[in-house]
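To start, the structure itself, in structure tokens.
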Amino acid sequence: MIPQGYGFEVSLKTLNLVAVPILTSGSNYKKWRREIELLLTLNEYEIALDNPQPEALTDKITKAEKTEFERWTRTNKVTYYVVC
């Protein structure tokens, strides 16, 4: 069991990254892409792929806009590291 509240909150879905095949010279691209998209969707990281980057933060944004910007930025970063 993973302790809660110590920065170890990892979803069991996240651990499925090991099941994604390694992309080898494009011959398994369709399977790799399907598995990557499924992994990102299950972990709710697909918003960085499906939505454009929100506008830059200003001092006049709402709390909801700030939250959305931070969520998109975080998911974009995770998506980048998963794909690259």
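The values are calculated or read from the model by the stated rules, or taken from the named source; none is laboratory data. Remember, it's a predicted structure, so these values are computed and weren't measured experimentally. Methodologically, a virtual Cβ is constructed for each residue, glycine included, from the backbone with ideal geometry; neighbour enumeration extends over all protein chains shown.
So, in the range 36-71, how many residues would count as being in a helix (DSSP H, G or I) and either aromatic (Phe, Trp, Tyr) or under 13 Å from the mean Cα position of the chain (by Cα) (or both)?
The first filter runs over the range 36-71 and keeps only residues in a helix (DSSP H, G or I), leaving 36-42, 47-50, 63-71.
Imposing the further condition that a residue be either aromatic (Phe, Trp, Tyr) or under 13 Å from the mean Cα position of the chain (by Cα) (or both) reduces the set to 36-42, 47-50, 69-71.
Number of matching residues: 14.
Residue-wise test of (1) surrounded by 12 or more Cβ atoms within 10 Å (Cβ to Cβ); (2) free of Cβ contacts under 8 Å to residues at least 24 places away in the same chain; (3) touching a helix residue (DSSP H, G or I) at 6+ places or on another chain (Cβ under 8 Å); (4) over 25 Å from Leu17 (Cβ atoms).
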site: Glu35; (1), (2), (3), (4): yes, yes, yes, no
site: Leu38; (1), (2), (3), (4): yes, yes, no, no
site: Thr41; (1), (2), (3), (4): yes, yes, no, no
site: Asn51; (1), (2), (3), (4): yes, yes, yes, no
site: Thr62; (1), (2), (3), (4): no, yes, no, yes
site: Glu65; (1), (2), (3), (4): yes, yes, no, yes
site: Thr75; (1), (2), (3), (4): yes, no, yes, no
site: Tyr81; (1), (2), (3), (4): no, yes, no, no
site: Cys84; (1), (2), (3), (4): no, yes, no, no
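Within the range 39-58, can one find any residue that is at pLDDT below 85 and of a type in the set (Gly, Ala, Ser)?
The answer is yes; a qualifying residue exists.
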